[in-house]
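Encoded as structure tokens, the structure appears first; notes follow it.
Every read-out reported here was derived from the displayed coordinates using simple, explicitly stated rules and does not represent laboratory data. Treat the numbers as computed from the prediction; the structure is a model and nothing was measured. All Cβ positions, even for glycine, are placed from backbone atoms using ideal geometry, and neighbour counts span all protein chains on display.
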Amino acid sequence: DAYVKTEGSRLHFLRQNQKDLRIELYRGLLDALECRAHNENIRTGKLIILPSSFQGSPRHMQQNYQDAMAMVRKFGKPDLFLTFTCNPSWSEILNSMEGVQRPEDRPDIIVRVFNMKLKELLEDICKHGIFGTVLAYIYVIEFQKRGLPHAHILLTLDSESKIRTKDDIDKFVSAELPDPCTDLRLFQIVTKCMVHGPCGTININSPCMRDGQCCKSFPKQFKDDTEENVNGYPIYRRRATEPVQQQPIVYQDGQEAQAIERAALRKTTLTSWFELNKNDPSARNISYSDIPQYYVFDKSTTNWKKRQRGGKNVIGRLPVVSILDSERYYLRMLLLRKSGAISFDDILTVNGLRCITFQQACQEYGLLRGDQQWHDALNEAAQFQSPRQLRMLFAMICGFGEVEDVPDLWVQHQVSLCEDFVHRYSEQTGPHYALADIEELLTSYN
């Protein structure tokens, strides 16, 4: 309330003192508005100019932008982008609460504590040089919809401190969970405050979901090494652990251990297929996707049983997996082609060599040569997805996959990618609309 009163008083002063604020400098703008109003036979209102001295006004924002660009011209482009977020669970905030007060009841305390911690962070960065020697920095403070402040900080480093190699990136950025054995406190902080999700098929109502996909592009692909990208964000190192059986577990708070124990004993259709191949030699020549034609899954016993009749009209299929969920995607690719597997280790073993990831196994089988995997993915998706969904898939393949020949991929699948636009407009203009839609999707994927 006090801030609103203060701002209202400042706005009233500006309204009453337009002449003293050299409003005549904007006479050209006023003349243009009056001329347009005269031509359209409408009345003009009273124009109030907010000067650059009024914080938050368009001229104030433009002036700050020009200041930032002047720093770029002198010191070069920024090297690091940091986001510093207020945590309402900070002890300094909680210890200042009285009685039944909660942090959201005391925004004055929140902003004071945040401001002090921000100053301390900037001192660590600029004076103590935790990232190296800082030539220039600029930051802006924003408030989230829930009322918590956060700061976006840009840092420009000197020539000796600049990030040039992937080792330099790994020194400052980690996209992996800390080791709880060596740094338990950091592990607890990261898992509590810095883990995205759950989203995707597990939680389609997550705020990050847009058109059935995570707008933050999770889950990220596993990478043994950081990849540099001069035209955008680098792809950070995310090393894969040993593949294990993964299945969604639903539980209530406080029952995590019991839920994990029950899930460990529960068999899935895939693990039951492994058991079937161990015990039934006749099933070993049938792929996982075709097994429902010859066997039926008994949910009560969680076992596959041989069909007695009716198998000719049964069609099996595997659920579609996003290419962003890389390990499940490549596991699906292997299950479509390999029969007789008795375990996950068996799927990962190629010519006597046990691979670390399913992607590596696909490479050993030669399934990832050239762009054939992307052609197969688009051909399969074209059988049941709409053109809009196909374009989303095409954009994800181009944005996150390693495509050798993007123009050829477009040409071979242009008909299915443009089908709706061709029907709506014409064969000549349809591809242009489709390409514009793909460009917009790629922009949204960063």
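Taking the Cα atoms only, what angle lies between the long axis of helix 269-279 and the longest principal axis of the chain, rounded to 10 degrees? Taking Cα atoms only, the helix is inclined about 20 degrees. Using a Gaussian network model of the chain in which every pair of alpha carbons under 10 angstrom is joined by a spring, one finds that among Pro319, Pro431, Pro178 the greatest mean-square fluctuation is at Pro319. Figure legend: label point modelled 7 angstrom from the Cα of Phe172 along Cα→Cβ; residues of region 123-161 with amide N under 14 Å from it are 125-126, 129-138, 153-161. Which loop-located chymotrypsin sites (Phe, Trp or Tyr not before Pro) does region 372-406 contain, where loop means any DSSP state but H, G, I, E or B and the Cβ has at most 15 other Cβ atoms within 10 Å? When the chymotrypsin sites (Phe, Trp or Tyr not before Pro) of region 372-406 are filtered for loop state and at most 15 Cβ neighbours within 10 Å, Phe384 remain. Within the listed set Ile49, Ile323, Ile93, the residue fluctuating most in the Gaussian network model of the chain (springs between alpha-carbon atoms under 10 angstrom) is Ile49.
Rounded to the nearest 500, what is the chain's calculated 222 nm mean residue ellipticity when only DSSP H runs of at least 4 contribute -39500 (n - 2.57) each, over all residues?
Values: 18 runs with 187 residues, N = 446.
Result for the chain: -12500 deg cm²/dmol, rounded to the nearest 500.
Exposed loop positions in the chain were taken to be GluC sites (Glu not before Pro) whose DSSP state is not H, G, I, E or B and which have at most 15 other beta-carbon atoms within 10 angstrom. Between these positions, the longest stretch is 229-401.
Taking label positions 7 Å along the Cα-Cβ direction at both Val195 and Tyr3, the computed distance is 3.3 nm, reported to one decimal.
Multiply the residue separation of Cys181 and Ile204 by 0.36 nm, subtract the distance between their alpha-carbon atoms, and state the gained length in nm to one decimal.
On the way: separation 23, 0.36 × 23 = 8.28 nm, distance 3.38 nm.
The span from Cys181 to Ile204 would gain 4.9 nm if fully extended.
Length available on full extension from His60 to Gln101: 0.36 nm per residue minus the Cα-Cα distance, which gives 11.1 nm. Amide H contacts of Thr349 (H built 1.01 Å from N, in plane; Pro and chain starts excluded): Cys355 sit under 5 Å, all sequence-distant by 5 or more or on other chains. Relative to the dominant Cα principal axis of the chain, helix 372-381 is inclined by about 90°.
Pick out, in residue order, every one of the trypsin sites (Lys or Arg not before Pro) in region 36-122 that is DSSP loop and has at most 16 other C-beta atoms within 10 Å; say none if there are none. Show your work: numbers first, answer last.
Details: sites: Arg36, Arg43, Lys46, Arg59, Arg73, Lys74, Arg112, Lys117, Lys119; in loops: Arg43, Lys46.
Taking region 36-122 and a limit of 16 other Cβ atoms within 10 Å, the loop trypsin sites (Lys or Arg not before Pro) found are Arg43, Lys46.
Mean sequence separation of contacting Cα pairs (under 8 Å, at least six apart), scaled by the length of the chain, corresponds to a relative contact order of 8 percent. Rounded to the nearest 0.05, what FRET efficiency do His12 and Glu120 have when you use their Cβ-Cβ distance and R0 = 56 Å? That pair, His12 with Glu120, gives E of 0.90.
If you count the DSSP beta bridges with both ends in the chain, what percent of them are antiparallel, to the nearest 5? Around 95 percent antiparallel, to the nearest 5.
On C-alpha positions alone, give me the angle between the axis of helix 107-126 and the longest principal axis of the chain, in degrees, nearest 10. Roughly 80 degrees, rounded to the nearest 10.
Could you point to the residue in Pro219, Met97, Ile153 farthest towards the positive end of the chain's charge dipole, with +1 and -1 charges on the Cβ of Lys/Arg and Asp/Glu respectively? Ranked along the dipole, the leading option is Met97.
Could you tell me which trypsin sites (Lys or Arg not before Pro) in region 313-398 are loop residues by DSSP with no more than 16 other beta carbons within 10 angstrom of their beta carbon? Qualifying residues, ordered by number: Arg317, Arg337, Lys338, Arg369. In this simple spin-label approximation, Ile138 and Ser426 carry label points 7 Å from Cα along the Cα→Cβ vector, and these lie 4.7 nm apart. Residue separation of Lys162 and Ile342 scaled by 0.36 nm, minus their Cα-Cα distance, works out to 59.7 nm of gained length. Projecting the Cα atoms of Asn277, Tyr295, Gly352 onto the dipole axis of the chain, where Lys and Arg carry +1 and Asp and Glu carry -1 at the beta carbon, places Tyr295 farthest toward the positive end. Relative contact order, whole percent, for region 265-365 stands at 28, derived from Cα pairs under 8 Å and 6 or more residues apart.
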